[in-house]
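Okay, structure first, notes after.
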Amino acid sequence: MKPLKEENLIRRLRDGNRLALNHVMDNYTPYLSAVVWHIMGPAATVQDVEEVVSDVFLTLWAKRDTLMPEKGLKPWLATVARNKAIDRLRTCPPPSLPLEALVETTGPGLDLEVERRIFAAQLWATVEQLGPPDNALVFRFYYEGDRLKDIAADLGLTVPAAKVRLHRARQKLKRILMKGGSADGPHE
């Protein structure tokens, strides 16, 4: 399927065209997953991210008649994804440890866990700096475990081009993290 211009895609959505919705889902799922994961943080599970992204598409379909072709679809989707992720955090906050478990986990184990979480947050912020499509490529390949062939197809890249972009993204991540003194991750 040829990529549709966003304005045409929005018009087709407004007309109730389900193929247009499928096109949006195929092309924007990686981007929205990255937006949601950024808001929810490393405590979010893959299932949490998938559920929020699904809610975004349900909202898109339900409110398709309010879309304005001249405003664009990507900003609208990103705003809805951000709001849905925040709502999810409000209604289902990450579980906290009971006081007894916290007392039992103090010491080197807790320090290591805190260090891992800080590194995960720094890593995610660095991945976001890569910009599209590289951030989606890294997120889907390393976090979601998707096959490179599938990611490349979804992003409109050839597999060799995706390999090159992934290699360059890893090198860029390493350079950025080395500057911050965190390239080796948490100390074990």
* When both residues are 6+ apart or on different chains and their Cβ atoms are under 8 Å apart, which pairs have a first residue that lies in segment 137-163 and is assigned by TED's automatic domain parsing to the domain that holds residue 44, and a second that is part of a loop (DSSP other than H, G, I, E, B) and modelled with pLDDT under 85? -> none
* Asked: Looking at (1) among the hydroxyl-bearing types (Ser, Thr, Tyr); (2) at pLDDT below 90; (3) surrounded by 14 or more Cβ atoms within 10 Å (Cβ to Cβ), which is the only condition residue 54 fails?
  -> (2)
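Output the residues belonging to segment 58-90 that are part of a helix (DSSP H, G or I), in contact (Cβ under 8 Å) with a residue 24 or more places away in the chain, within 18 Å of residue 11 (Cβ to Cβ) and not aliphatic (A, V, I, L, M). Step through it out loud before you land on a result.
Narrowing segment 58-90 to residues part of a helix (DSSP H, G or I): 58-62, 64-66, 69-71, 74-90.
Okay, now just the ones that are also in contact (Cβ under 8 Å) with a residue 24 or more places away in the chain, so 59-61, 64-65, 69-70, 74, 77-78, 80-82, 84-86, 88-89.
Subsequent filtering for residues that are within 18 Å of residue 11 (Cβ to Cβ) retains 60-61, 64-65, 69-70, 74, 77.
Within segment 58-90, 61, 64, 65, 69, 70, 74 qualify.
Residue by residue, here is whether (1) closer than 23 Å to residue 31 by Cα; (2) at pLDDT below 85; (3) in a helix (DSSP H, G or I) holds:
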site	(1), (2), (3)
101	no, yes, yes
126	yes, yes, yes
135	yes, yes, yes
164	yes, no, yes
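The values are calculated or read from the model by the stated rules, or taken from the named source; none is laboratory data. Predicted, not measured: the structure shown is a model, and the values here were computed from it. FYI the Cβ positions are ideal-geometry reconstructions off the backbone, even for glycines, and counts take in every protein chain you see.
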